[in-house]
Amino acid sequence: MAVDPLLGLSIGQLGKKLRSGETTPTALARAAMDALDTTGRDMNAVAAIMEERGMREAKRAEAELTAGHDRGPLHGIPWGAKDLLAAVGAPTTWGATPFRDQVFDFDATAVKRLEQAGAVLVAKLAMVELAGGMGYEELDAAWTGPGRNPWDHDSWAGGSSSGSGAAVAARLLPFAIGSETFGSIVTPASYCGITGLRPTYGRVSRYGAMALSWTLDKLGPLCRTAEDCGLVLDAIAGPDANDPTSVQRTFQHPPKISGDQRKDGFRFAIPAGWDAGTEPEIVDNIKQSLDTLREFGSVEEVILPEMPAPQAARIIIAAEGASAFEDIIEDGRVMQLQAPSCRVKPHVYATLPARDYLRAMRVRRQVSVAYDRITAEYDAIVGPTTGNVSPLLTTGLDRSSRPTTSAPIGAPGNLAGLPAIAVPNGFGDRGMPTSLQFTGRAWTESRLLAVANEYQARTEHHKAAPPY
């Protein structure tokens, strides 16, 4: 079934067509649900189509726009939620068989805020079981099956926001919400060739979202452009009384500053040794991206401190995840998980000594202080989002033998709760997308979006569509 080409437009472009009468919210919602029910299911990207809720919200948006009541740029735009967000109208399965029938009678705050902005929720999107927190090594770690990449269905869409990344990249939806604890927004953005924004920890309320690691989990948008990411973040950001970790910080969109408007342009830093373990074609694409960045800023090399950030992050995730899912570990339901590794590792995680967790938290504090000093000096730290292109589904996740799968600042960035945005920057092995990541100081999403907007204004990579 052919996908409606309108779904491939940006949020701003769709908004113009909605307001001119060239299309309607109900037509877009129907097109998105039909595409998800066919192409989306072929990619194992769908957990549930929300037919009743989607059409109800679309009809309301249509009536409001016809009456002149405009809720803003997301009004009438269809979207999908990663299946760890509670939403009335469909089960919230967390990607895991033990929770296949789990239903909540309330909406997550992010879902509620998007509804208030007029966006139309049409689907729950597939994810790696329990957001990958049980240490999966298999790429089919979900009851929905392996997340297939729209650029090559024999390759992986990335985890844990696999369905969100694949659906947006395949032009089935203009945007989706994903979550990241340790790479789960930027990785599918990289592998699928789209733009993914990981906000500062505390920028977006996580009320109604599955908790894997309460001190690391973050929610953010997956879109086709940085501009669209800003529009979505503007709708979901802000404090929430139901989430004590959400922070009162002003987020202003659109960004007011550009590299051309600044006397010396933007300041970028690239970590020394960033190309270690990185596939050659990705290295070439990053070098070309650096040339583009020099058109509107300066690039200098920075030596990052040697700190055990990846190890600390993994210990924190393991310990907090074992606590969050203590019930299914103790009652044996963990044995229902799809990935064999996910049935074993939780028992190991549950035995982690408290001293290891406390040491990891002390390391975290040191990392946060060190990287705040570094990021304060630059508008963004840049580098490859992933050191490899999307792996074939026949390949596991043996991290001891495969190239690095996160940016040089990926682990410390997550550990310190720093914002980052991944943008497409070309193609590598097998014609699969590659990605450039910008990481900034806490609360500087507007600056990162300005940088990413500048980059995408000078490149065409984000406009490429999968050849299906």
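Select from region 220-250 the residues that are among the charged types (D, E, K, R), touching a residue at least 40 places away in the same chain (Cβ under 8 Å) and assigned to a helix (DSSP H, G or I) and write down the one among them that is surrounded by the fewest Cβ atoms within 10 Å (Cβ to Cβ). Don't jump to the end; show me each part of the working.
Of all residues in region 220-250, those among the charged types (D, E, K, R) come to 224, 227-228, 234, 240, 243, 249.
Now narrow it down to the ones that are touching a residue at least 40 places away in the same chain (Cβ under 8 Å): 224, 227-228, 240, 243, 249.
Cutting the leftovers down to assigned to a helix (DSSP H, G or I) gives us 227-228.
Working: E227: 22, D228: 27.
The residue in question is E227.
Of the residues that make up region 294-308, is at least one in contact (Cβ under 8 Å) with a residue 40 or more places away in the chain and in a helix (DSSP H, G or I)?
Restricting attention to region 294-308, the residues satisfying the condition of being in contact (Cβ under 8 Å) with a residue 40 or more places away in the chain are 295-297, 299, 302, 304-305, 307-308.
Those still in the list that are in a helix (DSSP H, G or I) too: none.
Within region 294-308, not a single residue is in contact (Cβ under 8 Å) with a residue 40 or more places away in the chain and in a helix (DSSP H, G or I).
When residues of region 69-111 are filtered for being crowded, with 20+ Cβ neighbours inside 10 Å, touching a residue at least 24 places away in the same chain (Cβ under 8 Å) and not in a loop (DSSP other than H, G, I, E, B), how many remain? Steps first, please.
The initial filter retains those residues of region 69-111 that are crowded, with 20+ Cβ neighbours inside 10 Å, namely 73-87, 90, 92-96, 98-99, 107-111.
If we keep only those that are touching a residue at least 24 places away in the same chain (Cβ under 8 Å) as well, we get 73-87, 90, 92-96, 98, 107-111.
Adding the requirement that they be not in a loop (DSSP other than H, G, I, E, B) leaves 78-82, 85, 98, 109-111.
The qualifying residues number 10.
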Test: residue in region 374-397 that is modelled with pLDDT of 95 or more, part of a loop (DSSP other than H, G, I, E, B), closer than 24 Å to G165 by Cβ and of a type in the set (A, V, I, L, M, F, W, C): yes
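Here are T215, T187: which of them is of a type in the set (V, I, T) and surrounded by fewer than 24 Cβ atoms within 10 Å (Cβ to Cβ)? Outline the logic, then answer.
Values: T187 fails: surrounded by fewer than 24 Cβ atoms within 10 Å (Cβ to Cβ).
Result of the check over T215, T187: T215.
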Filter result for the condition that a residue is modelled with pLDDT of 95 or more, farther than 21 Å from S161 by Cβ and in contact with a helix residue (DSSP H, G or I) (Cβ under 9 Å, 6 or more places away or on another chain), over A237, A241, A226, A269: A269
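Can you pull out the residues in region 123-143 that are part of a loop (DSSP other than H, G, I, E, B) and buried (at least 24 other Cβ atoms within 10 Å of the Cβ)? I'd like the intermediate steps shown before the answer.
Quick first cut of region 123-143, residues part of a loop (DSSP other than H, G, I, E, B) only: 126-128, 133-143.
Result: A126, M127, V128, G133, M134, Y136, L139, A141, A142.
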Residues (of a type in the set (D, E) and farther than 18 Å from A241 by Cβ) located in region 95-114: D101, D105
Residues of region 272-291 satisfying the condition of being surrounded by 12 or more Cβ atoms within 10 Å (Cβ to Cβ) and either touching a helix residue (DSSP H, G or I) at 6+ places or on another chain (Cβ under 6 Å) or of a type in the set (D, E, K, R) (or both): D275, E279, E281, D284
Extreme residue, nearest to V348 (Cα to Cα), among residues of region 274-320 that are under 22 Å from the mean Cα position of the chain (by Cα) and of a type in the set (G, A, S): A318
Test: residue in region 322-335 that is surrounded by 15 or more Cβ atoms within 10 Å (Cβ to Cβ), within 26 Å of the chain's Cα centre (by Cα) and assigned to a loop (DSSP other than H, G, I, E, B): yes
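The values are calculated or read from the model by the stated rules, or taken from the named source; none is laboratory data. Note that the coordinates shown come from a computational prediction; the quantities given were computed from them, not determined experimentally. Backbone-built Cβ (ideal geometry, glycine too); neighbour counts: all protein chains shown.
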